[in-house]
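Visitor: Next up is a structure, given as structure tokens.
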Amino acid sequence: MQDRTGLPSGDGRPAHAPATPAAPGPAPDPARPGHGERGGGARTVESGRALAARVAAAVAGGATLFLAFPPLDWWVCAPLGIALIVAALRGSRPRRAAWLGYLAAAVFLLPTLAWVRTIGVDAWIMLVGVESLFYAALAVLAAPVFRLRPWPLWFAGLWVAMEWARGLVPIGGFPWARAAFSQGESPFTGYAALGGAPLVSFAVALCGALIARALPWGRAALAPPARRAGPVPARRLVPLALALAVPVLGLAVPRPGDEGRTVNIGVVQGNVPGRGMYILGDEPAVVLRNHANETKRLAQAVREGRLPKPDLVVLPENSTDIDPYRDAGAREIIHESVKDVGVPTLVGAVVAIGDEHRATRSLVWDPVTGPGAYYDKRHLVPFGEYTPFKEIVLALWERANLVGRQSVAGTRPGDLKMGPVTIGAVNCYEVAYDGTVRDTVRTGATPLVVQTNNASYAESNLPPQQLAMSKLRAVEHNRAVVTAATTGISAYVTPDGKVSWQTRELVADMNVVTVPVRTQTTVATRLGALPEWALALMGVVAAGAAWRGRRQDDPMRND
């Protein structure tokens, strides 16, 4: 007898195998999904050696994918890591694919999101646990897709669909650690100008899937080296050539040229006294004074001719820890520093909205008239700026009380007139969200200015990851990007995605950078979310067709 697991019966042969030798026929193709497990309606048992190889490939794939992300930035590891993950999944049953996908994702996300440990190890583990579910769902959908031709295309579309879902749910989504964000400066980066971050992720996933298609698989991969000797078959060379062509074509994507106009932007990084969750230290208004003093130091350097005169100055998010609308002393400190530098200054402040709420605000401060136009952050950080499911969360986690007043989201893009230009204000966490940045660029704003406060995550892998997003956004929208951070990394990224200047972390610093003013829009800016929808839909439709075919092949649904 045999149970439903397919284990051998007492006579040593599978219960479903014929008692007499089968008629001669073609040898099974080791590259066909189902070989070693189930193909169509047949059921066989995968050997322990093959299963161990799958687990090893999943672990190695997740670890290799991590190496592609900042601060290491070994971009080529992204397609290689995805290739290993595909090798682990290909030919697996959906249930097995689910836990293999989850395993690969956990190995990838644990170090990639290590910066969350500042909030708490429990928060870090929970976030990784939730985000890994999306990769498990991807693996389940992809399992039957490997039976289709050309499956690398459909798999890459599913990868885009998975990242789209991650950026949407739960609680507003969490698009960190997308494959595209490992390609801040790589041959794949050019695709951002055509289809934004989704097309870059698609290209990376397609390259990885093609590499996996070229690899020996199944019994061929597990055979002893002596039995694998011989020329590489053409069916492996073709996908390998295509895999190499994908990044090469990215280098050929046309980009808009220079328009001959520039603006001088002063950047101030004032630093903070505290670390971790207590960045403000014990002394009130110290963050405000740090940034005001550094602004005055910039003004002095301009007067002495050590720096060119700026047309505007940018301070970081939370550059004042006191609400200047409600505190006359804070207002005076800011106004004196802005008068000293003599140009419109973008101040980052958390301001009260009524008695119970607040807003994270990018505030234009004029050296004569004081505070004026502003942009309120639209995409808020859950558990950092507001508390979802407030009553339940506050009852279960004492740390959630650190949020304090609940933030309210802004309602309009951050196009702010400052001196000779209208800048596009993007606030910290928002740079990860395609739609938020795109809406800002579509107002005609240029250049982009990212105010950020990474003080709680200083010297972790968060600041370089966020800088990589700015690199991609610069190419995606043909805009220079200037980042001002409280503790670093403050930087200037050219429209070609190159970092022209940046600060060290945990130091006070300032500079004036000459930034090109670009007004031409890219194909990606004009098309918006259409490439993402098309690529994701392509993958989901293929998965639906594959699942339908799987049910027809296996009417008993033997999972």
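The values are calculated or read from the model by the stated rules, or taken from the named source; none is laboratory data. Since the model is a prediction, treat every value here as computed from it, not as a measurement. Positions of Cβ are generated from backbone atoms using ideal geometry, with glycine treated the same way; all protein chains shown enter the neighbour counts. For the accessible areas, the whole protein counts, side chains as well, though only heavy atoms, and no ligand, DNA or RNA atoms are used. Shrake-Rupley method; radii C 1.70, N 1.55, O 1.52, S 1.80 Å.
Visitor: Within 30 Å of residue 496 (Cβ to Cβ) and at pLDDT 90 or above - does that describe any residue in segment 321-334?
Guide: No; the residues of segment 321-334 include none that is within 30 Å of residue 496 (Cβ to Cβ) and at pLDDT 90 or above.
Visitor: Kindly provide the set of residues from segment 233-256 that are in contact (Cβ under 8 Å) with a residue 12 or more places away in the chain and either more than 25 Å from residue 203 (Cα to Cα) or open to solvent by less than 70 Å² (accessible area, probe 1.4 Å) (or both), ordered by number.
Guide: Selection gives 236, 239, 243, 246, 247, 250, 253, 256.
Visitor: If the requirement is being among the aliphatic types (A, V, I, L, M) and either out of contact with any helix residue (DSSP H, G or I) (no Cβ under 6 Å at 6 or more places or on another chain) or closer than 17 Å to residue 72 by Cα (or both), which of these qualifies: 449, 475?
Guide: Details: 475 fails: either out of contact with any helix residue (DSSP H, G or I) (no Cβ under 6 Å at 6 or more places or on another chain) or closer than 17 Å to residue 72 by Cα (or both).
One residue alone meets the criteria, 449.
Visitor: Find all pairs meeting these conditions: Cβ atoms under 7 angstrom apart; at least six residues apart or on different chains; first residue within segment 260-283 and within 27 Å of residue 302 (Cα to Cα) and open to solvent by 30 Å² or more (accessible area, probe 1.4 Å); second residue of a type in the set (Val, Ile, Thr) and at pLDDT below 95.
Guide: Close Cβ pairs satisfying both conditions: 273/286.
Visitor: Continuing with this model, one more query. Just to be sure, is residue 426 buried (at least 24 other Cβ atoms within 10 Å of the Cβ) and not polar (S, T, N, Q)? Even if it seems obvious, please write down each step before you answer.
Guide: On the way: buried (at least 24 other Cβ atoms within 10 Å of the Cβ): yes; not polar (S, T, N, Q): yes.
Taking the combined requirement at face value, the residue satisfies it.
One line per residue, one yes/no per condition, for (1) crowded, with 24+ Cβ neighbours inside 10 Å; (2) on the phi < 0 side of the Ramachandran plot; (3) assigned to a strand (DSSP E or B):
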| site | (1), (2), (3) |
| --- | --- |
| 472 | yes, yes, no |
| 475 | yes, yes, no |
| 483 | yes, yes, yes |
| 488 | yes, no, no |
| 496 | no, yes, no |
| 501 | no, yes, yes |
| 506 | no, no, no |
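Visitor: Only one of (1) part of a helix (DSSP H, G or I); (2) more than 23 Å from residue 90 (Cβ to Cβ) is not met by residue 209, so which one is it?
Guide: (2)
Visitor: Looking only at segment 165-194, count how many residues are part of a helix (DSSP H, G or I) and in contact with a His (Cβ under 9 Å, 6 or more places away or on another chain).
Guide: Number of matching residues: 2.
Visitor: How about segment 480-500: which of its residues are touching a strand residue (DSSP E or B) at 6+ places or on another chain (Cβ under 7 Å) and over 16 Å from residue 451 (Cα atoms)?
Guide: Matches in segment 480-500: 494, 495, 499, 500.
Visitor: Only residues that are open to solvent by 60 Å² or more (accessible area, probe 1.4 Å) and of a type outside the set (A, V, I, L, M): list them for segment 49-90, please.
Guide: 49, 71, 73, 74, 75
Visitor: Which residues, taken from segment 454-463, are touching a residue at least 60 places away in the same chain (Cβ under 8 Å) and surrounded by 24 or more Cβ atoms within 10 Å (Cβ to Cβ)?
Guide: 455
Visitor: If you check residue 409 against the conditions, is it under 29 Å from residue 369 (Cα atoms), open to solvent by 20 Å² or more (accessible area, probe 1.4 Å) and modelled with pLDDT under 95?
Guide: Criteria met by residue 409.
Visitor: Oh, and also: Counting just the residues of segment 276-301 that are in contact with a Leu (Cβ under 8 Å, 6 or more places away or on another chain) and modelled with pLDDT of 95 or more, which one comes out farthest from residue 452 (Cα to Cα)?
Guide: Ranking the candidates gives 301 first.
Visitor: Pull up segment 361-393, narrow it to residues that are modelled with pLDDT under 95 and of a type in the set (Val, Ile, Thr), then point me to the one that is most open to solvent (accessible area, probe 1.4 Å).
Guide: That would be 392.
Visitor: Counting just the residues of segment 135-157 that are free of Cβ contacts under 8 Å to residues at least 40 places away in the same chain and part of a helix (DSSP H, G or I), which one comes out surrounded by the most Cβ atoms within 10 Å (Cβ to Cβ)?
Guide: 138
Visitor: Do we have any residue at all in segment 198-205 that's open to solvent by 10 Å² or more (accessible area, probe 1.4 Å), closer than 22 Å to residue 60 by Cα and of a type in the set (Val, Ile, Thr)?
Guide: Within segment 198-205, not a single residue is open to solvent by 10 Å² or more (accessible area, probe 1.4 Å), closer than 22 Å to residue 60 by Cα and of a type in the set (Val, Ile, Thr).
Visitor: Turning to a different aspect of this structure: Quick check on segment 322-340: of everything there that is touching a helix residue (DSSP H, G or I) at 6+ places or on another chain (Cβ under 8 Å) and surrounded by fewer than 22 Cβ atoms within 10 Å (Cβ to Cβ), which residue is farthest from residue 384 (Cα to Cα)?
Guide: In this case the residue turns out to be 340.
Visitor: Among what's in segment 492-512 and is aliphatic (A, V, I, L, M) and under 19 Å from the mean Cα position of the chain (by Cα), pick the residue that is farthest from residue 259 (Cα to Cα).
Guide: Residue satisfying both the conditions and the ranking: 499.
Visitor: If you go through segment 158-177 one residue at a time, how many are farther than 18 Å from residue 538 by Cα and open to solvent by less than 10 Å² (accessible area, probe 1.4 Å)?
Guide: Looking only at that region, the number is 4.
Visitor: Inside segment 402-456, counting only strands (runs of 3 or more DSSP E) that do not spill past its ends, which hold 2 or more residues that are under 23 Å from the mean Cα position of the chain (by Cα)?
Guide: Where strands (runs of 3 or more DSSP E) fall fully within segment 402-456 and carry at least 2 residues being under 23 Å from the mean Cα position of the chain (by Cα), they are 421-427, 448-452.
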